[in-house]
Amino acid sequence: MEGPESKSNGTGDNSKAFGSLHEKVQRWIWKQGWQELRDIQEASIPVLLKGEQDLIIAAGTASGKTEAAFLPIVSSIASASESVGFKAIYVSPLRALINDQFGRLETLCEELGIPVVKWHGDVSAATKERARRHPDGILLITPESVEAILVRRGSEAKRLFQGLRYIVIDELHAFFSSPRGKQLQSLLNRIETVIGKRVPRVGLSATLADMRFSAKFLRPLDPDSVIICEAGAGNQELRLQVRGYLEPKSVRVEAKNAEEESQGRGEGTDAAVDSLIAGHLFSTLRGKRSLIFAGARNRVELYAAKLKEMTEDVNVPEEFFAHHGSLSLEYRSEAERRMKDESRPASIVCTTTLELGIDIGHIESVAQLGPGHTVSGMRQRLGRSGRRPGQPSIMRIYVRESEFDEKSHPLDGLRRETFQAIAMVNLMLAKWNEPAAQGSLNLSTLVHQVLALIAQYGGVTAKEAWGMLGESRVFDAVSVDVFKQVLRRMADKSVLLLEQAPDGTLLPGSMGEKLIEVRDFYAVFLTPEEYKVVTDRGRTLGSLPLEIMFQVGQLIIFGGRRWKILDINTGRKEILVAPAHGGKPPKFGGDATPPADEVVAEMRRTYESMAVPAFLDSAAISFVKEGRETFDLLGLRRNLHCYHGDSVLLFPWVGPASQEAFLLALTDDQLEPTPMGLAIAVKAEHEERMVASVQRLSEANPPDALKLAALVAEKEREKYDWALGDELLCLGIAARLNVAAVPTIAASLRDSFAGKH
């Protein structure tokens, strides 16, 4: 766990909080060599020792949040009278974080005789069975495993949790605006319903934007009762650099031809820039301890392979490793163990798997390829480095831009990646975080939770289900009428997820029974079918998603190494591979997420400014100059539109929810708009109709969200959307659209075409 810095002699000399802790906890603190508690711990300990109120502990990475929660929790458990059941639950979004915290909490708890139990998919059935028979101490668990306990052991839930005194949710922000977040809120309420008492909830996070929203998430029915313990800003030195790399057109054309020759399975159209960036990473990070956030899994594999090849070229020991969710636990753990061995240099190329607070030892610096998706994620990553007293936090952000000439698209000339990186760094330094999305109905998760309740209790009435899911304010945006509509849809003959007994009890239908029995049921998010990747020597490397079209003889990169596919067994869902060298492996991974409204607004302010940030290298400075020149040449300092070829480009300068609503409003007017990130393209031949459309939209009330939602071609986005039907899907999409922004966007564009800007 994260210990406080040494500042004075005598931990308990001036600390009321220290003196209130259990004697053995005090002794443990002395053994750690701590000389005082941090402010966040001083504030949290008395609140949690009372054991009456919910608490949010908001403090930066390595600030001692974990101790702020568990020093008083362990003291309280040790001082309490004996009772049956787990005494505290620690809920984490990641198994790896559970594994990490397990060792830390075990050290704290062993002297007090408090059991610490981890429970997730990688834990043996025998370990879980022992904990089920003799529940006690602290349970470390994922939301999916809590769901599995309630669904499979519903009759035992009261015995398992009746002694519960605290529930701790780590990385609270990671659950916001996601299906897992709604599931977690429902699980917390279901546990309290089973045991018939309110259990204090403790949320931990380093990146909370809105404390009011956070409190409402933690305790939906009573957010005003949640106490906030927020650490003040530190004065740690930050070292930031945005590095620019130019991709020549000639290289892109050659690479594209090579890719076509390999039937789309090349390393990408920017291999030369990848090599340059990898070369700088190698020369800068070799011999050090670093994290390299590469984005999607394909980028992780590509860069891990390039860095490994560079170490082989200079005949030095391997020190660059891959880490992402498709790699096996063994492979990931091996990389984590190497990072913890501070006697040797090591760096990990990863996705977001190491963004959260998993302990992998001392990190000297962080690298990020591209601007990233969120400011909060950037802050979380920066906080992984420089945790030791007197050492700075270091981050290098690598951006790439295409060579630009008179034939290029204007958006290339705006140097969007560079300006997004600058905007996100500016907002991070201003201590801004993305607010959580609000208003979503989460109907897919609602379908899941109705089935989960039925499985947990062996059947529930519609009134009972509404009480636990609706009146509890878990699904706060869902009305009684919509809830009834969801139940009717679930019982429809085309769905068969539930049926109603003569006495009104809701029971699983034929399809519902099948779903509940599947192991995948406990997760509310979509998981693509995957094939295990196994070597010719029998070692499991991890898994790959089924949507990739694999062929025998094909080359892939996995675990930072090159492999040749020897066989594909569809029955066992296995891909047999052997080590290989050279070749052009396929990519795999996800799409980028557009930035939030405030990021887009900060990008615009950066275009309009004359200032050159001090954290740019010479290439990035050139990109800023070119981007601003293009911005002015396009007239975007005065207007919100410009022309390119046969298109009119509209620049509404808004985030995804507002832009999607405006796009659909234009689509409703038969204008065939094309989203292009910062801009929306409309055919120049439709300009007159488009101007008339924005004029009308600017003068009208916000458009009907349901009507716009009906225009969306692919409505199924979440796991149980298939069961909802078009009407409910439209309701869900409509709730996500920011139609209120449409008249304002239209008015600004109207003025732009009228020359009023």
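The values are calculated or read from the model by the stated rules, or taken from the named source; none is laboratory data. Remember, it's a predicted structure, so these values are computed and weren't measured experimentally. Cβ: placed from backbone, ideal geometry, glycine included. Neighbour counts: every protein chain shown.
Some points to look at:
- Residue in region 239-260 that is at pLDDT below 95, touching a helix residue (DSSP H, G or I) at 6+ places or on another chain (Cβ under 9 Å) and under 30 Å from ARG387 (Cα atoms) present: no
- Verdict on GLY390 being out of contact with any helix residue (DSSP H, G or I) (no Cβ under 6 Å at 6 or more places or on another chain), in a loop (DSSP other than H, G, I, E, B), crowded, with 19+ Cβ neighbours inside 10 Å and not assigned by TED's automatic domain parsing to the domain that holds GLU171: no
- Pairs where the first residue, in region 636-647, is without any contact (Cβ under 8 Å) to a residue 40 or more places away in the chain and the second is assigned to a loop (DSSP other than H, G, I, E, B), C-beta under 9 Å, 6+ apart: LEU636/LEU414; LEU636/PHE651; ARG637/HIS757; GLY645/HIS409
- In this entry, GLY51 passes the filter for residues that are touching a residue at least 60 places away in the same chain (Cβ under 8 Å) and either in contact with a Phe, Trp or Tyr (Cβ under 9 Å, 6 or more places away or on another chain) or under 16 Å from ILE167 (Cα atoms) (or both).
- The single condition among (1) buried (at least 20 other Cβ atoms within 10 Å of the Cβ); (2) of a type in the set (Gly, Ala, Ser); (3) touching a Ser or Thr at 6+ places or on another chain (Cβ under 7 Å) that SER658 does not meet is (3).
- Considering region 490-545, the qualifying strands (runs of 3 or more DSSP E), each wholly inside and each with 1 or more residues that are of a type outside the set (A, V, I, L, M) and farther than 30 Å from VAL300 by Cα, run over 498-500, 505-508.
- Residue selected from region 426-462 under the condition part of a helix (DSSP H, G or I) and modelled with pLDDT under 95, by the criterion farthest from VAL482 (Cα to Cα): LEU429
- Hey, LEU616 crowded, with 21+ Cβ neighbours inside 10 Å, at pLDDT below 95 and touching a helix residue (DSSP H, G or I) at 6+ places or on another chain (Cβ under 7 Å) or not: no
- Highlighted here are the strands (runs of 3 or more DSSP E) found entirely within region 146-253 that include at least 2 residues which are crowded, with 19+ Cβ neighbours inside 10 Å: 166-169, 201-205, 238-247.
- Boolean, ARG605 is under 27 Å from ALA754 (Cα atoms), modelled with pLDDT of 95 or more and surrounded by fewer than 20 Cβ atoms within 10 Å (Cβ to Cβ): yes
- Filter result for LEU671 (in contact with a helix residue (DSSP H, G or I) (Cβ under 8 Å, 6 or more places away or on another chain) and assigned to a loop (DSSP other than H, G, I, E, B)): yes
- Taken together, the residues in region 304-320 that are hydrophobic (A, V, I, L, M, F, W, C), out of contact with any strand residue (DSSP E or B) (no Cβ under 6 Å at 6 or more places or on another chain) and either under 19 Å from ALA271 (Cβ atoms) or not assigned by TED's automatic domain parsing to the domain that holds GLU342 (or both) amount to 1.
- Listed by position, the helices (runs of 4 or more DSSP H) enclosed by region 685-751 that each have at least 1 residues that are modelled with pLDDT of 95 or more, in the same structural domain as TRP653 (by TED's automatic domain parsing) and under 30 Å from LYS484 (Cβ atoms) are 705-709, 725-736.
- The one condition in (1) in a strand (DSSP E or B); (2) within 14 Å of THR744 (Cβ to Cβ) that ILE680 fails to fulfil: (2)
- Odd one out for ALA78 among (1) farther than 13 Å from ILE167 by Cβ; (2) in contact with a Pro (Cβ under 6 Å, 6 or more places away or on another chain): (2)
- Inside region 393-415, residues that are in contact with a strand residue (DSSP E or B) (Cβ under 8 Å, 6 or more places away or on another chain) and either buried (at least 23 other Cβ atoms within 10 Å of the Cβ) or not β-branched (Val, Ile, Thr) (or both) make up a count of 16.
- Selection from region 629-659 of residues that are assigned to a helix (DSSP H, G or I) and out of contact with any helix residue (DSSP H, G or I) (no Cβ under 6 Å at 6 or more places or on another chain): GLU629, ASP632, LEU633, PRO656, ALA657, GLN659
- Those helices (runs of 4 or more DSSP H) lying entirely in region 10-122 with at least 3 residues surrounded by fewer than 19 Cβ atoms within 10 Å (Cβ to Cβ): 16-20, 23-31, 39-50, 95-109
- If you check VAL534, VAL518, VAL480 for being more than 24 Å from GLY154 (Cβ to Cβ), surrounded by fewer than 22 Cβ atoms within 10 Å (Cβ to Cβ) and without any contact (Cβ under 8 Å) to a residue 24 or more places away in the chain, only one passes: VAL480.
- Members of region 100-115 found to be farther than 18 Å from HIS22 by Cα and free of Cβ contacts under 8 Å to residues at least 60 places away in the same chain, listed by number: PHE102, GLY103
- For HIS409, the conditions (1) touching a residue at least 60 places away in the same chain (Cβ under 8 Å); (2) within 22 Å of the chain's Cα centre (by Cα) all hold with the exception of (2).
- ARG344 being at pLDDT 90 or above, among the charged types (D, E, K, R) and out of contact with any strand residue (DSSP E or B) (no Cβ under 8 Å at 6 or more places or on another chain): yes
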